[in-house]
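Here's the structure, in structure tokens; my notes come after.
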Amino acid sequence: MHFDLADLRLFIHVAEGPSLTQGARRAHLSLAAASTRIKTLETQLEARLLYRNSRGVELTPAGIRLLEHARAVMRQVDFLKSEFSDGGAGSTGHIRIYANTTAVTEFMPEILARFLADRPGVTVDLQEKLTRDIIRGVMDGSTDLGITAGPIVAPGLQRLHFSTDRLALAVPVGHPLAGRRQVTLDDTLQFPHVSLHEGSTMLNFLREQVENRGTTLALRIQVSGFEAVCRMVEAGVGIGVLPESAARRHQRTMRLEIVTLDEPWAIRERDMLVRKLEALPACVRALVDAVRSHAATRAGSR
């Protein structure tokens, strides 16, 4: 049985689209050519791979199995290319990263700016995802690297710890909670909160903690980043729970008070998740080293 690598890559594009039209566009093929290639794959495997519907395509059980194998094959092809590229190991390749809100908005942009400046042949796709989607993405091979914070269950994956942060409460100067040394989440629930946007890992995590107490979070406004949260808090719109590192950074330019959150879940261990570090392309392993180095430098400066 012979497989064309271009067909496998096309199948991955279609599955992730998830539509034949989007997959064909990403593979730079006409819709007719893409459809023919998928049918050829189905003939070779003697199995139907896709169900088509009005919203795009849905993978059959055989399609799900092929997607896992196709991703593994293409990862090894990229590994081979990076190992034998003219620029040396780690100088070329494409890296997909699923990460939580803090990573996407706070420290990964700074790390990636330096990393990519030194490697013009490397491209990166950084996506904000919920923790469960990060874990699933690494497990099924849809992403090379996952970045999470807090306790997780990820059987079969390697967890590469790189730093520790904690959640804190930002309040306006003069707020009733501003004079406290520490507060619990319950202490904050009588006040309106400023939060990140819907779908952010931070908001989802905070809602889980509040719902565990049998109540709901009083949201006054939702914004797109931690800087915007701090600006709203400074203006007296509400209070906000955010990583202490982000709160301290914005406190340098804003009138904020930061109060310790006395909760066991407030301390957040940050991990990188991979299936098997040694099996990753050199460019991904180089990025793992860059994240660790950045974290160690920050810890040393503190």
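The values are calculated or read from the model by the stated rules, or taken from the named source; none is laboratory data. Computed from a predicted structure; not experimentally measured. Cβ placement follows ideal geometry from the backbone for every residue including glycine, while neighbour counts extend to all protein chains displayed.
Below, the figures for the structure above:
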read-out	value
Scope the range 12-44; condition under 21 Å from Val73 (Cα atoms), out of contact with any strand residue (DSSP E or B) (no Cβ under 9 Å at 6 or more places or on another chain) and either among the β-branched types (Val, Ile, Thr) or in contact (Cβ under 8 Å) with a residue 24 or more places away in the chain (or both); matching residues	Ile12, Glu16, Ala34, Arg37, Thr40, Leu41, Thr43, Gln44
Entirely in the range 101-188, the helices (runs of 4 or more DSSP H) that have 3 or more residues that are farther than 30 Å from Pro61 by Cβ	108-117, 185-188
Residue check, Ala247 over 18 Å from the mean Cα position of the chain (by Cα) and either more than 16 Å from Thr105 (Cα to Cα) or not in a helix (DSSP H, G or I) (or both)	no
Filtered residues of the range 150-172 (kept if buried (at least 24 other Cβ atoms within 10 Å of the Cβ) and either closer than 17 Å to Ser200 by Cα or at pLDDT below 95 (or both))	Leu167
Count of residues meeting criterion [surrounded by fewer than 20 Cβ atoms within 10 Å (Cβ to Cβ) and either aromatic (Phe, Trp, Tyr) or at pLDDT 90 or above (or both)] in the range 83-105	2
Selected residue (only one of Gln209, Gln158 is assigned by TED's automatic domain parsing to the domain that holds Leu287 and within 23 Å of the chain's Cα centre (by Cα))	Gln158
Subset tally (residues that are basic (Lys, Arg) and assigned to a strand (DSSP E or B)) for the range 43-65	1
